[in-house]
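First the structure, in the form of structure tokens, and then the observations on it.
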Amino acid sequence: MLSIGVDIGGTKVLGGVVNLAGEILESTRRDTPKSGGKALTSTISEVILELAGKYEVTSVGISAATLVSSDRQTLIGAPNIADWDGINLRNELFALTKLECVVENDANSAAWGEAIHGAAKGIDHAVILTVGTGIGGGLIVNGSLYRGAHGVAAEFGHIRAVDNGLACGCGSHGCLEQYASGTALMRHTRQALSSDISSGSKILSFGDGTIEGLKGEHITFAAKAGDELAAQLLAQTGYWLGVGAASLAAALDPEIIVIGGGVVDAGDLLLEPTRKSLEENIRFAKNQKLPQVVAAKLGNDAGLVGVADLARR
Ligand SMILES: [Zn+2]
């Protein structure tokens, strides 16, 4: 049984044919139309039709950075995509492709990928945090994806980490993703370098030498090469992830917390500080079994593979 997963990113629409083992048999991509709306829907249908023309597929799953209604059809909040709010994407795509589609939130899709084929495989109670521009969350309860009463559960990036803290794009303040996301890591790094540029010479040496040209991976490279500032910056991100993980562990008692996103390439340079902070910030830490904190396994494919599987359910 084959299905198609389509991952809508900020720059590309990536589609793949996925088998039951979670293997991507073939993939294709298009640029994401900046105008969003009908142009984006039409691009997705092109990707689906190209793949469906080569393989016999039974279902299609679409992963997007939007809130999705609980019937998995309608986009109920697409803040970063123009002219997509409120549309019934299942109906629009069915009209263009004659294939049944389901729509899923991107973090839920990635979480399900890790749950079914990745780091949380075979585990019934898992929390998945995808650390990127923001922090995406996914929750596996009793072996199933938990969507909540209105389809928008597990927005863990927006649990409060700091009272009256930094303003967040969601309209609230002090959200976890303002402190523990890749964006926050970059902000912390720029702050450290602008107060003492010479302290960042190792980090900058992995890029073009300027603060403007800095990328997240340069911090990971520098930390792995033994740079102390880079290691401290990753530890700071880990600290905040641990603060969030402690709240989640107190509320949900998961067996495992999976950390995904580019920043986990840093491995234990990120995960050890996360584990330490989790222990320090949870009550009864000595008396209860804490969740394991582990790195995600599927990388950028998690969403595509996950949503292709969700489409079969
Ligand atoms: Zn927020």
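The values are calculated or read from the model by the stated rules, or taken from the named source; none is laboratory data. Since this is a predicted model, take the numbers as computed values, not measurements. Please note: Cβ atoms are built from the backbone with ideal geometry, for glycine as well, and neighbour counts cover all protein chains shown.
Quick one: in the stretch 171-193, which of the residues that are closer than 25 Å to A154 by Cβ and loosely packed, with under 15 Cβ neighbours inside 10 Å is farthest from the ligand (Cβ to nearest atom)?
Among those residues, the one meeting the criterion is R187.
Would you point out the residue of the stretch 1-17, among those that are among the small types (G, A, S) and surrounded by fewer than 21 Cβ atoms within 10 Å (Cβ to Cβ), that is modelled with the lowest pLDDT? Residue satisfying both the conditions and the ranking: G10. Evaluation of A110 against the conditions (1) within 15 Å of the ligand (Cβ to nearest atom); (2) buried (at least 24 other Cβ atoms within 10 Å of the Cβ) shows that the sole unmet condition is (1).
Of all residues being part of a strand (DSSP E or B) and of a type in the set (S, T, N, Q) in the stretch 128-151, which is surrounded by the most Cβ atoms within 10 Å (Cβ to Cβ)? Just the residue, please.
Looking at the filtered set, the residue picked out is T130.
Among the candidates V162, V141, the residue that is more than 12 Å from the ligand (Cβ to nearest atom) and of a type outside the set (S, T, N, Q) is uniquely V141. Residue selection: E280 satisfies the criterion of being charged (D, E, K, R), assigned to a helix (DSSP H, G or I) and surrounded by fewer than 14 Cβ atoms within 10 Å (Cβ to Cβ).
For the stretch 203-223, the criterion of being within 30 Å of L248 (Cα to Cα), more than 16 Å from the ligand (Cβ to nearest atom) and not in a helix (DSSP H, G or I) is satisfied by at least one residue.
In summary, strands (runs of 3 or more DSSP E) completely within the stretch 30-116 and bearing 2 or more residues that are closer than 28 Å to L20 by Cβ and more than 21 Å from the chain's Cα centre (by Cα) occur at 57-64. Quick one: which residue in G137, G122 is over 24 Å from N80 (Cα atoms) and free of Cβ contacts under 8 Å to residues at least 60 places away in the same chain? None of the others qualify; the one that does is G122.
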